[in-house]
Each structure stands twice: as C-alpha cells, then as structure tokens.
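These notes are about the structure you will find just below.
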Amino acid sequence: MPANPKYLTQSKWQRFAKITAAIIGGYFVSVSFHLALASWFNRANILMTMAFSGFILWVALMIIAFLAKSGLKIWGIYILLTLVFSLLIYLGNTYNPIAK
C-alpha cells in the first residue's frame with residue numbers, strides 16, 4: 001500500500017535537505033558527540049563503545065531528520081550540536097591532554 005501523498009514532502013529542496021541532514025549531519029553529530037565524550041573520559045573505552053553506539057545514534061538522528069518539518073531547520077540544529085560538541089572536544093583536549 002503506497003503512502004498518502006499529502007504526508008510526503010513536495011519540495012525537492014526540502015527532500016534534498018532532509019536526506020543530506022540525515023546522512024551527513026547525523027554522522028557529524030554522532031561522531032562529534034563520541035569524540036567529545038572521549039576527550040573527557042577514558043578514550044579507549046569511549047572509542048570502543050562508539051563502534052556500536054555510534055551507529056545506533058546515527059540511525060536515531062536519521063529518523064529525527066525525516067520526521068522534521070523543515071530540512072533547513074534540522075540542518076541548523078545538527079550544525080549547532082556539532083559546534084557545541086566541537087567546543088567540548090577543544091576544552092577536553094585543553095584540560096585533559098593525551099600526553100602529560
């Protein structure tokens with residue numbers, strides 16, 4: 001049974017924005033989140049956990065991107081989250097350097 005057309009995104013730009021936000025933006029948020037955790041906690045444990053939980057988080061972020069009304073809004077949220085996690089990575093590497 002096909003989907004009801006009134007629930008599908010009509011704009012090709014919105015569809016493109018949602019697809020790219022789901023794949024690329026979700027990946028950036030997932031990786032930056034785990035790297036931010038690794039910069040503050042035990043790196044080996046977090047990076048080993050990332051092998052599994054990273055894919056789960058990425059899929060969850062993909063689903064959220066397709067549920068959003070606006071592709072540009074979800075891109076903005078994903079870019080903002082990536083920047084926040086990047087700041088946490090920077091601060092974590094500043095206060096907890098690998099080589100002491």
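Tell me, please, whether a residue that is within 18 Å of F85 (Cβ to Cβ) and either of a type in the set (A, V, I, L, M) or under 9 Å from the mean Cα position of the chain (by Cα) (or both) can be found in segment 5-15. No; the residues of segment 5-15 include none that is within 18 Å of F85 (Cβ to Cβ) and either of a type in the set (A, V, I, L, M) or under 9 Å from the mean Cα position of the chain (by Cα) (or both).
Residues that are open to solvent by 70 Å² or more (accessible area, probe 1.4 Å) and part of a loop (DSSP other than H, G, I, E, B) within segment 71-100 comprise I98, A99, K100, listed in sequence order. Restricting attention to segment 38-70, the residues that are more than 14 Å from the chain's Cα centre (by Cα) and part of a helix (DSSP H, G or I) add up to 13. Could you please find all residues in segment 1-16 being part of a helix (DSSP H, G or I) and either over 22 Å from I79 (Cβ atoms) or open to solvent by less than 10 Å² (accessible area, probe 1.4 Å) (or both)? Matches in segment 1-16: P5, K6, Y7. Of all residues in segment 54-70, those that are surrounded by fewer than 17 Cβ atoms within 10 Å (Cβ to Cβ) and at pLDDT below 95 have Cβ atoms under 9 Å from Cβ atoms of residues that are part of a helix (DSSP H, G or I) and of a type in the set (D, E, K, R), 6 or more apart or on another chain, in F66/K18; S70/K18. I23 fulfils the conditions (1) closer than 21 Å to G71 by Cβ; (2) in contact (Cβ under 8 Å) with a residue 40 or more places away in the chain except for a single criterion, (2). Determine, yes or no, whether G25 is touching a Phe, Trp or Tyr at 6+ places or on another chain (Cβ under 9 Å) and small (G, A, S). When the stated conditions are applied, G25 passes them.
The values are calculated or read from the model by the stated rules, or taken from the named source; none is laboratory data. This is a predicted model, so every value here is computed, not measured. Quick reminder, even Gly has a Cβ in these numbers, built from the backbone with ideal geometry, and neighbours come from all protein chains shown. The protein model used for the area step is the full one, side chains on, heavy atoms only, and it has no ligands, DNA or RNA in it. Shrake-Rupley method; radii C 1.70, N 1.55, O 1.52, S 1.80 Å.
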